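Below is one structure, written out as structure tokens; the observations come after it.
The values are calculated or read from the model by the stated rules, or taken from the named source; none is laboratory data. Note that the coordinates shown come from a computational prediction; the quantities given were computed from them, not determined experimentally. Note: ideal-geometry Cβ built from the backbone for every residue, glycine included; neighbour counts use all protein chains shown.
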Amino acid sequence: MTETVTVLGLESSCDDTAAAVVRRVDGVPEVLSSVVWGQDALHADFGGVVPEIAARAHAERLDICVERALQQAGVGLNNMDAIAVTAGPGLIGGVLSGVMCAKGLAVGSGKPLIGVNHLAGHALTPRMTDQVAYPYLMLLVSGGHCQFLAVYSEDRFQRLGGTIDDAPGEAFDKTAKLLGLGYPGGPLVEKEALTGDAKRFKFPRPLLNRPGQDMSFSGLKTALRRARDVLVDEKNGLTVQDRADLCASFQLAVADTLAEKTRRACLVFQGLADTRKPVLAVAGGVAANSVIRGGLQRVADGCGFEFLAPPLQYCTDNAAMIAWAGLERFTKGHRDDLTLAARPRWPLDRDAAPMLGSGKKGAKA
């Protein structure tokens, strides 16, 4: 007998308003629709996400995104088995907008409500795109968070390390702002770095002299600012080549740091999980960076891991991953009611000590 489960997902944790419909038929996932409405134009003048503006935009756009997602999937609310929504962590105004919208849809349709941890959405994406079996090693690397996770099930995660201050994506955005490149910073820094000399500036590789997998990118950002200031004082400004070299050197420092910390995480994971061919997966907006991906691929090859990076549209924030995570939770019997709360912080590993620091782009967990 064919088993079919269909879930509507909503995502509004930062600056992307999204809705999607995901279906699983006899264990095989299919993304029927994925609508993402970005807010880059709303925040560009500020060089970063303004929480109040983001929350207002989510409240105005969520119902439109849901309508488009259902239309593109060719289904209605009555065809859903459940409604999943990001309930945290993230910017609280945006998370609250999504949770309230999902509650209204659940009440109006009589469908079950499933609260999803945004980080779990990223962590479970490889199961949606590539049907990866548990357990596997996951690197979440984006604007608001960066951590290594051993993923054992839809509800069991072990954190092996993470950032103690700025996440890499946040550091990219701040670097772009320091160099006057605009927003969002990640793609702009990567583009600028294409013509740069990555060996010109000797930026630090933070925490590589300490054991473990924890990371820090705040000092790297400070080193770039100091190098910029020296050039400005010497030349009364930056040349096009100066800017490209700064970007390339910064990007390489991030890539080298992530690669070494990932190598260490792979060794730890091998001691935790008995798998014939371990998998290293990566997701999050920074995973779209080709230099960083290349470094992670080499690490995986060297450690005997299969390297897996989902398609770019599922690395950045999207609702398909929330629908999928909700589907996995739903089929294991998880349900939420109207007391579901929006949470600015929500650690995946409930037994791990809290991470230090808090980035401005998103809540650490």
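Looking only at the stretch 12-27, filter to residues that are β-branched (Val, Ile, Thr) and touching a helix residue (DSSP H, G or I) at 6+ places or on another chain (Cβ under 7 Å); which one of those is surrounded by the most Cβ atoms within 10 Å (Cβ to Cβ)?
So the first thing to find is which residues in the stretch 12-27 are β-branched (Val, Ile, Thr), and the list is 17, 21-22, 25.
Going one step further and asking which of them are touching a helix residue (DSSP H, G or I) at 6+ places or on another chain (Cβ under 7 Å), we end up with 17, 21-22.
Numbers: Thr17: 29, Val21: 27, Val22: 27.
The extreme case among them is Thr17.
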Selection from the stretch 268-294 of residues that are free of Cβ contacts under 8 Å to residues at least 40 places away in the same chain, in contact with a Phe, Trp or Tyr (Cβ under 9 Å, 6 or more places away or on another chain) and outside any helix (DSSP H, G or I): Lys277
Count of residues meeting criterion [outside any helix (DSSP H, G or I), touching a Gly at 6+ places or on another chain (Cβ under 9 Å) and over 15 Å from Thr222 (Cβ atoms)] in the stretch 164-207: 4
Unique residue being outside the structural domain of Phe305 (by TED's automatic domain parsing), touching a residue at least 40 places away in the same chain (Cβ under 8 Å) and not in a helix (DSSP H, G or I) when the list is Val107, Val116, Val95, Val99: Val116
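Given the residues Leu272, Leu280, which is the only one that is surrounded by 24 or more Cβ atoms within 10 Å (Cβ to Cβ), in contact with a strand residue (DSSP E or B) (Cβ under 8 Å, 6 or more places away or on another chain) and among the aliphatic types (A, V, I, L, M)?
Leu280
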Restricting the stretch 47-58 to residues that are surrounded by 15 or more Cβ atoms within 10 Å (Cβ to Cβ) and touching a residue at least 40 places away in the same chain (Cβ under 8 Å), the residue that is farthest from Leu179 (Cα to Cα): His58
Residue check, Val95 over 27 Å from Arg350 (Cβ atoms) and at pLDDT 95 or above: no
Sole exception among (1) within 11 Å of Asn117 (Cα to Cα); (2) in a loop (DSSP other than H, G, I, E, B) for Gly326, by number: (2)
Test: residue in the stretch 223-242 that is at pLDDT below 95, closer than 21 Å to Gly161 by Cα and among the small types (Gly, Ala, Ser): no
Any hit, the stretch 51-71, residues being over 21 Å from the mean Cα position of the chain (by Cα), farther than 16 Å from Leu91 by Cα, assigned to a loop (DSSP other than H, G, I, E, B) and not small (Gly, Ala, Ser): no
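Take the residues in the stretch 144-167 that are aliphatic (A, V, I, L, M) and crowded, with 22+ Cβ neighbours inside 10 Å; name whichever of them is nearest to Pro184 (Cα to Cα). Before you say what the answer is, go through the steps one by one.
Of all residues in the stretch 144-167, those aliphatic (A, V, I, L, M) come to 149-151, 160, 164, 167.
Checking the rest, the ones that are also crowded, with 22+ Cβ neighbours inside 10 Å come to 149, 151, 160, 167.
Numbers: Leu149: 26, Val151: 30, Leu160: 29, Ala167: 14 Å.
Among them, the one singled out is Ala167.
Can you pull out every residue in the stretch 187-238 that is at positive phi and of a type in the set (S, T, N, Q)?
To start, the set of residues in the stretch 187-238 that are at positive phi comprises 207, 212, 236-237.
Residue satisfying the conditions is Asn236 alone.
Conditions tested, residue by residue: (1) outside the structural domain of Asp45 (by TED's automatic domain parsing); (2) under 24 Å from Gly285 (Cα atoms); (3) polar (S, T, N, Q).
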{"position": "Pro204", "(1), (2), (3)": "yes, yes, no"}
{"position": "Thr222", "(1), (2), (3)": "yes, yes, yes"}
{"position": "Arg226", "(1), (2), (3)": "yes, no, no"}
{"position": "Thr239", "(1), (2), (3)": "yes, no, yes"}
{"position": "Cys247", "(1), (2), (3)": "yes, yes, no"}
{"position": "Thr262", "(1), (2), (3)": "yes, yes, yes"}
{"position": "Phe269", "(1), (2), (3)": "yes, yes, no"}
Filtered residues of the stretch 211-241 (kept if surrounded by fewer than 18 Cβ atoms within 10 Å (Cβ to Cβ) and either assigned to a loop (DSSP other than H, G, I, E, B) or touching a strand residue (DSSP E or B) at 6+ places or on another chain (Cβ under 8 Å) (or both)): Pro211, Gly212, Asn236, Gly237, Leu238, Thr239
Ile64, sole failed condition from (1) at pLDDT 95 or above; (2) among the aliphatic types (A, V, I, L, M); (3) in contact with a Ser or Thr (Cβ under 8 Å, 6 or more places away or on another chain): (3)
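Of all the residues that make up the stretch 283-310, how many are surrounded by fewer than 16 Cβ atoms within 10 Å (Cβ to Cβ) and closer than 25 Å to Phe250 by Cα? Show your work before the answer.
From the stretch 283-310, those surrounded by fewer than 16 Cβ atoms within 10 Å (Cβ to Cβ) are 290, 294, 298, 301-302, 304, 306; that's our starting set.
Okay, now just the ones that are also closer than 25 Å to Phe250 by Cα, so 290, 294, 298, 301-302.
Final tally of qualifying residues: 5.
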Qualifying position, being within 25 Å of Ser13 (Cβ to Cβ), surrounded by 20 or more Cβ atoms within 10 Å (Cβ to Cβ) and touching a residue at least 12 places away in the same chain (Cβ under 8 Å), among Ala244, Ala255, Ala248, Ala265: Ala265
